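Working notes for the structure below.
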Amino acid sequence: MKKKFVHLFLLITLFTYTGCENAVETLLVGGQDVPYGKIGMSIFPDNIVTGSLPSQMADIKSLKVNYVRMDLPFDENYMASAFSARDFSRFDKYVSAANGAGLDIVVILAYVPNWLKGNPGWKSVYINNYVIPVVKRYKGVVKNWEVWNEPDSFTKGVLDGSPEDYFDLLKRASKAIRSIDPSATVVSAATTSIVLDGLGKWNWTQDLIDMGLSQWADVLNFHYYSELDPELSALGGNMVRNAGMRVWVTETGEKGQSNQESYFKTVMAYIDKSLNPER
């Protein structure tokens, strides 16, 4: 559910850099301090309407934001066909700009190019031609790898939307990532908004945990698009405690840039209290 929103990391996601100039170092909401150290931004590096990529990264850092989340997409620009050379030029630019600003980078490893769709062996191609080369290239600079995005919904014609199919992909990717960089952080993909479909997304996530998620991922990941939904505290707290994993919320927000400040002040502390995420 990556839209033109500002999100929290806890994550604050930006379609492009937008006005957080009035954000204060520590927000007090409901009597609870929410430290800026948990805040990051999801970015769309190709959008340079508000300035060059390095200048946007510098602006983000100036807001005392420490993390950025970005796609390094497996698409035709990276690999035009099954027999093409890999083109890292875009990725180099994105990673260099974020690293140069002193930002900790979370890379989303997704999705697949059109030429790979319909290939029953696509997971092997995804691992061997994309995950392994990308992780090797940016080892040490990128320390956090998120395997896919919202696999329950963003199936891209290759996944079947089930937790079982995603778990198989995650397991393969995790083995590859850890073989290259044992110190890397592997982040599981979140579903679309965890409260979107009654208990459906909760059950999907719990199934993933029950399959042994903690063996193959370091971080349990959530996306949350709602106000003060009681399901988050009623179900999320227990899920997090029972999973025994580090927790990140890599997307949240409300449609429309002008609505973000009130959403941020109201909802951020609620997420923090309900899930106690690391970021």
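Could you tell me what % of all Cα pairs in the chain have separations over 30 Å?
Values: 10101 of 38781 pairs.
Considering the chain, 26 percent of its Cα-Cα pairs are separated by more than 30 Å.
What's the local net charge at ASP104, with K and R +1, D and E -1, over the other residues with C-beta under 11 Å away?
Local charge sum for ASP104: +4.
With a point put 7 Å past each Cα toward its Cβ, work out how far LYS117 is from SER233 in nm, to one decimal.
Taking the two extended label points, one gets 4.3 nm.
Just rank LYS38, LYS175, fewest to most, by other beta-carbon atoms within 10 angstrom.
Going from least to most buried by this count: LYS175, LYS38.
Counting Lys and Arg as +1 and Asp and Glu as -1, each charge on the Cβ, what is the dipole of segment 12-275 about the Cα centre in debye, to the nearest 20?
The calculated dipole for segment 12-275 is roughly 900 debye.
How would THR252, THR205 line up from fewest to most surrounding beta-carbon atoms within 10 angstrom?
Details: THR252 27, THR205 24.
Ordered from fewest to most neighbouring Cβ atoms within 10 Å, THR252, THR205 come out as THR205, THR252.
Using DSSP to define loop residues, name the trypsin sites (Lys or Arg not before Pro) in segment 107-165 whose beta-carbon has at most 12 other beta-carbon atoms within 10 Å.
Sparse-neighbourhood loop trypsin sites (Lys or Arg not before Pro): LYS117.
Note down the nm distance, to one decimal, between modelled labels 7 Å out along Cα→Cβ at ARG137 and at ASN242.
4.1
Suppose a student asked you for the relative contact order of the chain, using Cα pairs under 8 Å spaced at least 6 residues apart; what percent would you report?
Normalised by residue count, the contact order of the chain is 22 percent.
Kindly flag which residue pairs out of LYS38/LYS175; LYS93/LYS255; LYS38/LYS273 have an alpha-carbon separation exceeding 22 Å in this structure.
The answer is LYS38/LYS175; LYS93/LYS255.
When averaged across all projection directions, what area in nm² does the alpha-carbon convex hull of segment 236-279 cover?
3.2
Sorting VAL131, VAL240 on the 10 Å Cβ count, fewest up front, what's the list?
VAL240, VAL131
In the neighborhood of ILE177, defined by Cβ-to-Cβ distances under 12 Å, what is the net charge if each Lys or Arg adds +1 and each Asp or Glu adds -1?
Result for the local shell: +4.
Tally the DSSP beta bridges in the chain and give the antiparallel ones as a percent, rounded to 5. Mind showing how you got there, number by number?
Working: 4 of 29 bridges.
Given both bridge residues lie in the chain, the antiparallel proportion sits at roughly 15 percent.
How much length, in nm to one decimal, is gained on full extension between VAL49 and THR266, taken as 0.36 nm per residue of separation minus their Cα-Cα distance?
Net length gain for the segment: 75.2 nm.
What percent do you get for the relative contact order of segment 120-238 when only Cα pairs under 8 Å and 6+ apart count?
It comes to 27 percent, rounded to a whole number.
Would you look at the GNM of the chain, springs on alpha carbons closer than 10 Å, and say which of ASN119, ASN144, ASN203 moves the most?
Sorting by GNM fluctuation, first place goes to ASN119.
Any read-out appearing in this document is the output of simple, stated calculations on the displayed coordinates, not a laboratory observation. Bear in mind the structure is a predicted one, so any value in this text is a computation, not a measurement. Every residue, glycine among them, receives a Cβ derived from its backbone with ideal geometry; neighbour counts consider all protein chains shown.
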